[in-house]
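What follows is a set of notes on a single structure, which appears directly below.
The values are calculated or read from the model by the stated rules, or taken from the named source; none is laboratory data. Just so it is clear, the model here is predicted, and its values are computed rather than measured. Backbone-built Cβ (ideal geometry, glycine too); neighbour counts: all protein chains shown. The accessibility values were calculated without ligands, DNA or RNA, using every heavy atom of the protein model including side chains. Shrake-Rupley method; radii C 1.70, N 1.55, O 1.52, S 1.80 Å.
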Amino acid sequence: MSDNLTQARPGKPMVRRDALPPRWRLAVAVVACGLAPLQAWAGDWGGTLAVSSQLVDRGVAVTPPAPIVQGGVSWVTRDGWSVGASASYQTRSPGRIAETLAQVAKSWSLSDDWQLQAGLLDYRYPGSASGTRTYDRTELGVSVLWRDVLTMSASAIQLAHRGGGPRGAADVGFRWPLAWHVSATGGVGLAQYLVPPYRYYHGQYHRETQSSRYTYGHAGLVWQNGAWRVELMHVFTNRERSQGEQRVSPWVATLARTF
């Protein structure tokens, strides 16, 4: 789950949050907005522009705490198929493309209250200064949604540059309308480490944890009025960091506009 707008999940916004639901991490999947939810009209094109305070993906800080510009486009068909792409740009020097995301997804209506979504996502991290390219990956995800209030998701993740079998992740999220266009949102997730945390000392790399899994999540408020969306999220994780990795900021804010 992504902590920002850029990290959406199958069939959801492509500009992210560490998020969750409705699995708003295709984070750029991109925390905060959705390029084109599958509820959009058949054959519609959609787009989103957003600015976030940090890019976080399932408890991993992709960028340092600094403004991140996110954008994406998507197309949704009459029978529930959607295709989309998004990118995030790190404005802090040195400026660079921090993440790109491509997705194809399918949505099915199970009843008036329940919806099933499945999607194939491809994440790429062009900037390699902090070693983020090791997280280049492809994900196959499935989500079950109840009334756009509760989302339960599971993903199988295959890294592009490392061996080994697929890693897994699962999360649950909710969104509850309050008043004045404000909703409470939150979620928790459990994921396997894509890359075990290491530190370098005494001339060798040493693994920092014996656990193969960690938890992550977020809680906060979302204000949405028409095409505008503002989010303030408290992000948390017990994930161990490797030496040199960025620290996850406890608060992530996002301003987004859909078109």
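Looking for something on the phi > 0 side of the Ramachandran plot, at pLDDT below 90 and open to solvent by 40 Å² or more (accessible area, probe 1.4 Å) - is there at least one such residue anywhere in the stretch 224-232?
no
Out of the stretch 90-120, which residues are charged (D, E, K, R) and over 24 Å from Leu140 (Cβ atoms)?
Arg92, Arg96, Asp112, Asp113
Restricting attention to the stretch 50-63, which residues are more than 17 Å from Tyr216 (Cβ to Cβ) and either of a type in the set (Ser, Thr, Tyr) or open to solvent by 10 Å² or more (accessible area, probe 1.4 Å) (or both)?
Val51, Ser53 - these are the residues of the stretch 50-63 that are more than 17 Å from Tyr216 (Cβ to Cβ) and either of a type in the set (Ser, Thr, Tyr) or open to solvent by 10 Å² or more (accessible area, probe 1.4 Å) (or both).
Quick one: Arg257 ticks every box in (1) open to solvent by 30 Å² or more (accessible area, probe 1.4 Å); (2) modelled with pLDDT under 95; (3) at negative phi except a single one, so which number is it?
The one condition Arg257 does not meet is (2).
Among the residues of the stretch 39-53, are any modelled with pLDDT of 90 or more and in a loop (DSSP other than H, G, I, E, B)?
yes
Residue-by-condition table, conditions (1) among the hydroxyl-bearing types (Ser, Thr, Tyr); (2) modelled with pLDDT of 90 or more; (3) in contact with a Cys (Cβ under 7 Å, 6 or more places away or on another chain); (4) open to solvent by less than 50 Å² (accessible area, probe 1.4 Å):
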position: Leu178; (1), (2), (3), (4): no, yes, no, no
position: His181; (1), (2), (3), (4): no, yes, no, no
position: Ala191; (1), (2), (3), (4): no, yes, no, yes
position: Gln204; (1), (2), (3), (4): no, no, no, no
position: Thr209; (1), (2), (3), (4): yes, no, no, yes
position: Arg213; (1), (2), (3), (4): no, yes, no, no
position: Tyr216; (1), (2), (3), (4): yes, yes, no, yes
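Against the definition (at pLDDT below 95, at negative phi and not β-branched (Val, Ile, Thr)), how does Asp112 come out, yes or no?
yes
Every residue in the stretch 149-162 that is open to solvent by 60 Å² or more (accessible area, probe 1.4 Å) and not hydrophobic (A, V, I, L, M, F, W, C), please.
In the first step, residues of the stretch 149-162 are kept if they are open to solvent by 60 Å² or more (accessible area, probe 1.4 Å); the result is 152, 158, 161-162.
Those that are open to solvent by 60 Å² or more (accessible area, probe 1.4 Å) and not hydrophobic (A, V, I, L, M, F, W, C): Gln158, His161, Arg162.
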